[in-house]
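The values are calculated or read from the model by the stated rules, or taken from the named source; none is laboratory data. For clarity, every value in this text was computed on a predicted model and none was experimentally measured. Neighbour counts run over all protein chains shown; Cβ positions are idealised from the backbone, glycine included. Accessible surface is based on the protein model in full, side chains and every heavy atom, while ligands, DNA and RNA are left aside. Shrake-Rupley method; radii C 1.70, N 1.55, O 1.52, S 1.80 Å.
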Amino acid sequence: MRRRAAGAAAGAAGGPRRWREAAEEALYGPEGFFVRHAPAAHFRTSVHASPLFAGAVAELLRRVDGVLGHPAELALIDYGAGRGELLTGVLAALSGQPGDLAARVRPHAVERAPRPEGLDPAVAWSAEPPRGVSGLLFANEWLDDVPLDVAETGGDGVPRYVLVDADGTEHPGEPVSGEDARWLDRWWPLPPAPGLRAEIGRPRDAAWARAVSCLERGLAVAVDYAHTRAARPPLGTLTGYREGREVRPVPDGRCDLTAHVALDACAAAAERAG
């Protein structure tokens, strides 16, 4: 951990906090990174890199439509929609194609940032998804930005929560306990060697299960940087991005805070939720 010198003042936000709480405010608070900044200004995803990605999602939507029997209304839900780039690209890919799919699609952006100016009025915009719909839910690099807590094995061999100040300085906290400890035991066991780290993915499991539950019928797809239980990174993956460059993760609202996703745990949570 990056520790401050002995006797230094507490963090600017009133003292160190767990990473989940600090990242939630830094990313999604009133002055949060994603509230004030367009993601494309700081990093590129497949959505921003080429129209081919939107074309592939449009083809996937067409196949889902066929499996569902061509319903009168077909939902296309973009979870973590940024500024609506993916939905705009999919609608463009569908326009002018034969058939009535474009007319039946109901695009819906799920995003906590305000609706951007100039977005196609056909695109619905809200912080929560529609419920009981049929269609395709697509989450492109969303789960990696769902805040979570970080654990690190201490000198006593016990996994402890990592606390962080507003300037990014880290401190060892109390031992991981309760549901978090059980999650680590099942999905990311930490050996007793000091300094090994894990990112406790329970908030992402819950977020994905809630997202999937909005579909009555259809397909849910998450695309993200990920790992599985057989190959967890021993030092974790938490990092920051600003203006196209990887930077030290600091929860001050000036950079993205991201960590790779334990997608196997997310998938299992969605299955348990039915």
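Quick look at the numbers
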{"read-out": "Per residue, in Å², the accessible surface of the chain once ligands and nucleic acids are set aside, probe 1.4 Å", "value": "47"}
{"read-out": "Cleavage-rule hits (chymotrypsin sites (Phe, Trp or Tyr not before Pro)) in region 163-236: DSSP loop, at most 13 neighbouring Cβ within 10 angstrom", "value": "TYR225"}
{"read-out": "Percent of Cα-Cα distances greater than 27 Å, calculated over the chain", "value": "43"}
{"read-out": "Rounded to 5, the percent of DSSP beta bridges in the chain classed as antiparallel", "value": "45"}
{"read-out": "Heavy-atom accessible surface of the chain: percent carbon and sulfur, 1.4 Å", "value": "54"}
{"read-out": "Using distinct alpha-carbon pairs, which all enter the 1/r mean, Kirkwood radius of region 219-272 in Å", "value": "12.9"}
